[in-house]
Amino acid sequence: MGVDERRQQLIGVALELFSRRSPDEVSIDEIASAAGISRPLVYHYFPGKLSLYEAALKRASEDLAGRFEEPQEGPLGSRLLRVMRRFFDFVDDHGPGFSALMRGGPAVGSTATNALIDSVRQAAYVQILSHLRVTDPPARLELVVRSWISLAESTALIWLDGRRIPRAELEVQLVHDFAALAAVSAAQDAEMGALLREMLKDEPADGPFNDLVVRLISLAS
């Protein structure tokens, strides 16, 4: 294999192993064995395990950030639900690696890895703003969107610890959470109120946002 081809193979092998066990539990020997090469040859392409992990994380972070990309067509609630399904696809496929990444640890404590995590969060933030058609977000909207991204992360981590709640229910719940955070903020601020009305104006009766309204009304009655 050429140098780049071999590097990409090792990154793929590492990601596959990290999807089953925490990166801290995977040795260079295991990566070499799975790739069908010797341990010294792994070090020929990567200076050490952390270097390989960072390269694998870069590929994974680009994949995860891409899960938030969605055509800006149709109701916002449906778009967010599709985003959450793709997000949980990633979490489901890369559980131990995702958990180790978000919780921190020796393998993920470098400045480079932290920067990649932040880049995923920023990509998600930019994508959500694009769906809201906002380029210069007010402070309250920034708080809503960044809080929701953090909530999605923490929800996924809790779900991975036993998967006690059906995944599909959590995907819908997170879309409801976005609407709820926006509604609470709108109750405090006229500008957020206008944004919320814009969010809801094209929502169908059977969409996730209206589903939340129906559920809340039934609870209050």
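The values are calculated or read from the model by the stated rules, or taken from the named source; none is laboratory data. These numbers come from a predicted model, not from an experiment. So basically every Cβ, Gly included, is an ideal-geometry build from the backbone, and we count neighbours across all protein chains shown.
Each residue in segment 160-178 was checked for being at pLDDT 95 or above and part of a helix (DSSP H, G or I), and 12 pass. Being over 30 Å from L157 (Cα atoms) and not acidic (D, E) is the filter; apply it to segment 1-32 and report the residue that is surrounded by the fewest Cβ atoms within 10 Å (Cβ to Cβ). Among those residues, the one meeting the criterion is G2.
F98 meets the conditions (1) within 12 Å of the chain's Cα centre (by Cα); (2) within 27 Å of L200 (Cα to Cα); (3) not β-branched (V, I, T) in every case but one. The failed one is (2).
Among the residues making up segment 205-221, a single one is of a type in the set (G, A, S) and crowded, with 17+ Cβ neighbours inside 10 Å: G207.
Annotation: of all residues in segment 128-148 being touching a residue at least 24 places away in the same chain (Cβ under 8 Å) and surrounded by 19 or more Cβ atoms within 10 Å (Cβ to Cβ), the one that is nearest to P75 (Cα to Cα) is I128.
Screening segment 1-44 for residues that are among the small types (G, A, S) and more than 30 Å from the chain's Cα centre (by Cα) and picking the one that is modelled with the lowest pLDDT gives G2. Sub-7 Å Cβ pairs linking a first residue in segment 19-38 that is of a type outside the set (F, W, Y) to a second residue that is part of a loop (DSSP other than H, G, I, E, B), at least 6 apart or interchain, are S19/H94; D24/G105; A32/S38, ordered by first then second residue. On the stretch given as segment 182-204, residues that are surrounded by fewer than 18 Cβ atoms within 10 Å (Cβ to Cβ) and assigned to a helix (DSSP H, G or I) total 7. Among the residues of segment 45-72 satisfying the criterion of being more than 16 Å from the chain's Cα centre (by Cα) and modelled with pLDDT of 90 or more, which is surrounded by the fewest Cβ atoms within 10 Å (Cβ to Cβ)? Filtering segment 45-72 for residues that are more than 16 Å from the chain's Cα centre (by Cα) and modelled with pLDDT of 90 or more, the one surrounded by the fewest Cβ atoms within 10 Å (Cβ to Cβ) comes out as P71.
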